[in-house]
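Here's the structure, in structure tokens; my notes come after.
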Amino acid sequence: MSIIKSFSLLKDIKPYKQGWRIQVKLVNSWRQKINYGGDTLEMIFADENGVKIHCSARKTLIQRTQSRLRLGEWRLIDTFTVSHARGQFCPTDHTYKISITEYASITQSTFECDDEFLNFPSFEEIGNGTLKTHFLIDIIGQVTSLRDI
């Protein structure tokens with residue numbers, strides 16, 4: 001007999017509770033060097049509804065985290081912390097961000113969805129300044145000319 005553990009959608013997670021379990025797809029990741037904390041692994045996760053959240057892993061957890069997460073693959077993650085998203089620029093518009101802890105569990109998920117979860121603003125929104133400038137946006141372009149600046 002198998003026990004199926006439920007998970008929460010990203011729109012529902014809040015910092016006041018511990019023990020969240022989420023099912024997410026890794027849609028982007030990069031390494032970042034910060035003055036006060038060294039290297040970090042920064043990630044963007046999306047849930048099945050396309051809600052995105054920023055996630056960080058500090059230097060001591062980078063290798064362990066990278067070995068369990070692959071771009072475009074779905075995972076179940078539990079035992080992480082949730083805090084308010086802060087800073088001048090936010091990778092997502094989610095109110096909160098999550099941080100991988102040394103106790104985090106990252107396991108494979110059987111869920112399948114090939115959606116890339118990209119949200120493209122219109123050219124008008126980009127050009128007329130109506131977008132909130134502190135959120136990163138998805139954009140695809142084509143180089144039409146390349147020359148020295």
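Just so you know, all these numbers are worked out from the coordinates, no wet-lab data involved. Computed from a predicted model, the values in this text were never measured in an experiment. Reconstructed Cβ throughout: ideal geometry from the backbone, glycine too, with neighbour counts over all protein chains shown.
On a full-extension model of 0.36 nm per residue, what is the gain between Tyr36 and Asn119, subtracting their alpha-carbon distance, rounded to one decimal in nm? Provide the component values of the computation, followed by the final result.
Working: separation 83, 0.36 × 83 = 29.88 nm, distance 3.22 nm.
My answer for the length gained is 26.7 nm.
Between Phe111 and Gln66, what is the label-point separation in nm under the 7 Å Cα-to-beta-carbon projection?
Placing both labels 7 Å along Cα→Cβ, they lie 2.6 nm apart.
Which residue fluctuates most in the GNM of the chain (Cα springs below 10 Å): Tyr96, Tyr16, Tyr36?
Residue with maximal mean-square fluctuation among Tyr96, Tyr16, Tyr36: Tyr36.
Could the peptides 134-143, 69-78 be put in order, highest first, of the mean number of other beta-carbon atoms found within 10 Å of their residues? Could the numbers behind the result be given before it?
Working: 134-143: 9.3, 69-78: 16.0.
Answer by packing, highest mean first, reads 69-78, 134-143.
Sort the following peptides by mean Cβ neighbour count (other Cβ atoms within 10 Å, averaged over residues), highest first: 6-12, 105-111.
Values: 6-12: 14.0, 105-111: 12.1.
With the highest mean Cβ count within 10 Å placed first, the list reads 6-12, 105-111.
I need the peptides 114-121, 83-90 ranked by packing, meaning the mean over residues of other C-beta atoms within 10 angstrom, with the highest value on top. Walk me through the numbers on the way to the answer.
On the way: 114-121: 11.5, 83-90: 10.0.
Per-residue mean Cβ counts within 10 Å order the peptides as 114-121, 83-90.
Extending each Cα 7 Å along its Cβ direction at Leu9 and His134, get the distance between those two points in nm, one decimal.
About 2.6 nm separates the two model spin labels.
What dipole magnitude, in Debye to the nearest 20, does the chain give about its Cα centre under +1 on Lys/Arg Cβ and -1 on Asp/Glu Cβ? Walk me through the numbers on the way to the answer.
Values: 19 positive and 17 negative charges, 158 e Å.
For the chain, the charge dipole is close to 760 debye.
Pick out, from Phe89, Phe117, Ile106, the residue whose Cα sits farthest towards the positive end of the charge dipole of the range 84-123, with +1 on the Cβ of Lys and Arg and -1 on the Cβ of Asp and Glu.
With unit charges placed on the Cβ atoms, the residue in question is Phe89.
Could you tell me what percent of the DSSP beta bridges with both partners in the range 1-108 are antiparallel, to the nearest 5?
Percent antiparallel among DSSP bridges in the range 1-108 is about 90.
For the range 110-149, rounded, prolate or oblate, judged on the Cα gyration tensor with a ≥ b ≥ c (square roots of eigenvalues), a/c < 1.5 rounded, else prolate if a/b > b/c? Before the final figure, lay out the partial values.
Numbers: a/c = 2.83, a/b = 1.47, b/c = 1.92.
Oblate is the answer for the range 110-149, as a/c is 1.5 or above yet b/c matches or exceeds a/b.
Just want to confirm a number: the relative contact order over the chain, from Cα pairs under 8 angstrom separated by 6+ residues, in percent.
Here the relative contact order equals 21 percent.
Once you sort the root eigenvalues of the Cα gyration tensor of the chain as a ≥ b ≥ c, which label holds: rounded (a/c under 1.5), prolate (a/b larger than b/c) or oblate (the other case)?
Working: a/c = 1.76, a/b = 1.53, b/c = 1.15.
Note, shape of the chain comes out prolate.
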